[in-house]
Amino acid sequence: MKKTILLLALLSLPALARPEAGYRTPPPELKSLVDAPNTPELSIDPRSQTLSQAARPGFLSIEQLSEPELKLAGLRFNPNSRASGREKYYQALELRPLRQGPARPLKGLPKKPRLAALHWSPDGKQLAFVHVAPGGSELWVAEVASNTAHRVPGVILNACLGFQLEWTPDGKNLLVLAVPAKPGPVPAVRTIPSGPSIQDHEGGKASARTFQDLLKTPEDEKLFSYYLTSQVLLVSPDGKSRREWTRPGLYSGVSLSPSGQYLLLESIHAPFSYNVPINNFPTKTEVLDARGKTVKVIADLPLDENSPPDFDSVRTGPRSCQWRSDAPHTLFWVEAQDGGDARKPAPIRDQAFLWTPGGDALPWVSLDQRYGEVEWGDDRHALIYEGWYKTRRSKALLLQPGQPSAAPKIHFDRSSEDRYANPGKPMHRTLPNGHAVMLMNKEAIFLAGQGASPEGDRPFVDRYDLASGQSERLFRSQPPNFERPVRFIDGDQLLITRENLETPPNLYLKEQALTQFAHPAPQLKGIKKEIIRYKRADGVDLTGTLYTPPGYNGGRLPVLIWAYPGEFKSAAAAGQIKDSPYRFIRPFWGGPLFFVMRGYAVLEDPTFPIIGEGKKEPNDSYVEQLVMDAQAAVDGVVATGVGDKDRCAIGGHSYGAFTTANLLAHSEIFRAGIARSGAYNRTLTPFGFQSEERTYWEVPDLYKRMSPFTYADKINEPLLLIHGGEDNNPGTFPMQSERLFQAVKGLGGKVRLVVLPKESHSYAARESVLHTFYEMDRWLEAHVKNAPPR
């Protein structure tokens, strides 16, 4: 009798909601945008005669994403192909004359091509690429004249660290990092543990940001050594001639000198680490001659687990080794002069060196900031860029590499935050050996830039006289188009891409359209795009890009704001415009634009600055500034007459998800939030996060204050959490979303957690993306568009 009463009592309880099973599909207007084709990607040969058009799929399938994958030392790769299993490889490849003539599908390709790493020969007559086959990554070569491709027999590339191949300067051979001919059996992996996993530290600071996919066991070390073992191979396009330049080893980088006589080789060796990824492992850099004999060891750096976490801190010893592209075989590198520690005062931060085989390393230029990059021209012209994150200072020096003792001349010294004052970067030309140098005309170089201005981005080309420092404007993008320079051909003819709101980028030479790609999603035509300007409560100027649906003729719309904060040292720089009103409206799954087709006003990429001028740190007032940013964005949309102030949602991905949760915790501005792949408890990233360099133990109250997890009891608006189940981004462990969900749920809030199987920080499978939009649409429809008045 008691059992019967208990059963009746249980049956009388309300049914517990059980989440739906399986992948779901969003409404047709969203699904059609997910399935919109990509515009082909273009590549022009060095002689500007031939154009390749490569088509990439929009997404993988969940079956492809579920293929075998190893996670070792911060790497992820398919053990069968020794290449990434998450890349969207090209499915089609076409060649066509650059100036005129139809594109022709390349003949001879495999039945189900998965192509990558396109490399033109120096003369532009051949195109090398990789086919990522199930059994290994194959080397292929296409002949332009016959429009036919063939596999280079017997060569399997090792792409665990990316595809490494290059043409020799004469174009007769290819240098590749290949799987050894006899790799041996795969190491056996124990299914029964042989003992505990132990890590030890004998003292001394070893701060490091949170990393994932690290080595964990001796078995991991064996697998790492097995799969990353490669051989440097020199092979002809027909495969008939091949030479092993090195013995098998753990090679992480190879580069031929412009003369083709020397090889710059980087390798990894033990001891490996369970605390940091491969980039911090012991690394040896050396130069080999044509016989494979070591000419000089540039560096043999020990394991690095102790570098300070500051952004301007670096590893000690030679780094950034590279060949001078304008010289036969001169090597360049830099070395920190401050112990690599950005917190240590020092008049000189980096020292650059030049070395030629047979001679001594010569000190070239001392830098008072950290080295960034170098542009080569000739013996009398090179540009070195340096910068310092803490002050946002950026500087470029003009030097004479042929006369290392000649004093440098300042090209510019400016704030890296000031987009309006950016002078642009040098354009290039390709030498007969395939190496690129700065495009020059006597004492002038040609600078191309984004052209940020108060009226939006307007890309430009300037002729810059190095002697006088004067510029002559040769080209500037003209409304109502958005135009970008590509290269000069035939001397002074500028090849550009041109796009507008309803036409995707196409190649143009003067007014001749060289390509005519159609709109991949014509249903987006008619969307209105406007860059709106508004002010924060403290007077900081802000902007955002507002989209309204096709056919919109007035009235208040529900609003979706997609945010991602940025740290600034200058309020003036924070207010600068960073878009163009004329750029093509491109559908992108990672943003909010799709929801315009569901009747929302969308504010994309609004300025959400977190400012710390002078000695102040931006994050010291993070929450207060964030709330001001959000309130200003909503007020700005409402002021246009478009937005409904009572029906606004906030969303974001990664740091934008962190932003979303914080805004729901610290304000009543929004009706709901969507947070994708974020981190919500900053005590789990104790050695810094995003742009925060201080550790938890230096500023514990700041870490807690910035953690929405701390204020989960204040999150009283509906929050949708979405996370990739195998997120490998530093700091955004899936556990971050799981713990926030448990906290909000336990405290009585309305929250939903969706974990996407097999997905990393960025979602790759079509099924996952469709389901993401299904969840977002349901959340917005229920809690924003159709929400009852507050």
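The values are calculated or read from the model by the stated rules, or taken from the named source; none is laboratory data. None of these values were measured; they are calculated from a predicted model. Here the Cβ positions follow ideal geometry from the backbone for every residue, glycine too, while neighbour counts run over all protein chains shown. All accessible areas refer to the heavy atoms of the entire protein, side chains included, with ligands and DNA or RNA removed. Shrake-Rupley method; radii C 1.70, N 1.55, O 1.52, S 1.80 Å.
Annotations for the structure displayed:
- The overall shape of the chain, judged from the alpha-carbon gyration tensor, is rounded, with an a/c ratio under 1.5.
- In this structure the amide hydrogen of Val365, modeled in the peptide plane, comes within under 5 Å of the amide hydrogens of Ala352, none closer than 5 places in sequence on its chain.
- 1.4 Å probe accessible area per residue over the range 68-214, in Å²: 49 Å²
- Cross-link partners of Lys409 among aspartates and glutamates (Cα-Cα below 19 Å; sequence separation of 8 or more within a chain): Asp350, Asp368, Glu373, Glu375, Asp378, Asp379, Glu386, Glu443, Asp465
- Between Arg778 and Phe412, the contour length at 0.36 nm per residue exceeds the Cα-Cα span by 126.6 nm.
- Estimated FRET transfer efficiency (Lys578, Asp646; beta-carbon r; R0 35 Å; 0.05): 0.75
- Accessible surface, the range 631-710, averaged per residue in Å² (probe 1.4 Å): 27 Å²
- Restricting the trypsin sites (Lys or Arg not before Pro) of the range 463-546 to loop positions (DSSP other than H, G, I, E, B) with no more than 15 neighbouring Cβ atoms within 10 Å leaves Lys510, Lys525.
- All other residues whose Cβ lies under 9 angstrom from that of Phe272 are scored, Lys and Arg at +1 and Asp and Glu at -1, for a net of -2.
- Residue by residue, the range 36-41 carries 3J(HN,Hα) couplings of 4, x, 7, 5, x, 8 Hz when phi is fed to the Karplus relation 6.51 cos²θ - 1.76 cosθ + 1.60 (θ = phi - 60°); x denotes Gly or Pro.
- Fraction of accessible area attributable to carbon and sulfur, the range 66-120 (%, probe 1.4 Å): 50 percent
- Neighbour-limited loop hits for chymotrypsin sites (Phe, Trp or Tyr not before Pro), the range 666-767 (at most 10 other Cβ within 10 Å; DSSP other than H, G, I, E, B): Trp697
- Other residues whose C-beta falls under 13 angstrom from the C-beta of Glu781 contribute a net charge of +2, scoring Lys and Arg +1 and Asp and Glu -1.
- Ligands, DNA and RNA are left out, and with a 1.4 angstrom probe the accessible area of the range 374-527 is 45 Å² per residue.
- For the range 155-225: rounded, prolate or oblate by the Cα gyration tensor [a/c cutoff 1.5]: oblate
- Between the Cα long axis of helix 655-666 and the first principal axis of the chain there is an angle of about 30°, rounded to the nearest 10.
- Across the cross-link table entries Lys125/Lys172; Lys529/Lys569; Lys88/Lys112, which are compared at the Cα atoms, the separations over 18 Å belong to Lys529/Lys569.
- Crossing angle, helix 766-780 versus the chain [Cα axis fit, 0-90 degrees, rounded to tens]: 40 degrees
- Here the calculated FRET efficiency for Glu202 and Asp465, from their Cβ-Cβ distance with R0 = 56 Å, stands at 0.45, rounded to the nearest 0.05.
- Residue-wise HN-Hα coupling along the range 106-111, computed from phi with Karplus coefficients 6.51, -1.76, 1.60 (Hz; x: Gly, Pro): 5, 7, x, 5, x, 5
- Counting only protein heavy atoms and a probe of 1.4 Å, the accessible surface of the range 566-606 is 53% carbon and sulfur.
- Note on Lys293 and Gln403: with the Förster distance fixed at 45 Å, the Cβ-Cβ geometry gives a FRET efficiency of about 0.90.
- For the range 658-764, the relative contact order is 31 percent, taking Cα pairs closer than 8 Å that sit 6 or more residues apart in sequence and dividing their mean separation by the residue count.
- Sorted peptide list for 570-579, 727-736, criterion being average Cβ within 10 angstrom, highest first: 727-736, 570-579
- Qualifying trypsin sites (Lys or Arg not before Pro) for the range 275-315 [loop in DSSP, other Cβ within 10 Å: at most 12]: Arg291, Lys293
- Virtual paramagnetic centre 7 Å along Cα→Cβ of Lys107, amide N under 18 Å, in the range 134-173: 141-152
- Spin-label model, Ile348 to Asn80: label points 7 Å out along the Cα-to-beta-carbon direction sit 5.5 nm apart.
- The range 320-445 shape via C-alpha gyration tensor axes, a/c threshold 1.5: oblate
- Modelled label positions at Ser366 and Val699, each set 7 Å beyond Cα in the direction of Cβ, lie 3.3 nm from each other.
- The H on the amide N of Ser453, modeled in the peptide plane, is under 5 Å from the matching H of Arg458, each at least 5 residues off or on a different chain.
- Segment Arg380..Ser43, full-extension length gain: 118.3 nm, with 0.36 nm per residue of separation and the alpha-carbon distance subtracted.
- Label positions at Lys745 and Gln100, each projected 7 Å from the Cα along the C-beta direction, are separated by 6.7 nm.
- Rounded to the nearest whole Hz, the Karplus-based 3J(HN,Hα) values (6.51 cos²θ - 1.76 cosθ + 1.60, θ = phi - 60°) of the range 306-320 follow the sequence 10, 5, x, x, 4, 5, 8, 8, 9, 6, 7, x, x, 8, 6, with x at glycine and proline.
- Extension gain (nm, one decimal) between Ile192 and Asn441, 0.36 nm per residue minus Cα-Cα: 82.8 nm
- Environment charge at Gln516 (Cβ cut-off 15 Å; Lys +1, Arg +1, Asp -1, Glu -1): -1
- Rounded to the nearest 10 degrees, the angle from helix 218-228 to the longest Cα principal axis of the chain is 50 degrees.
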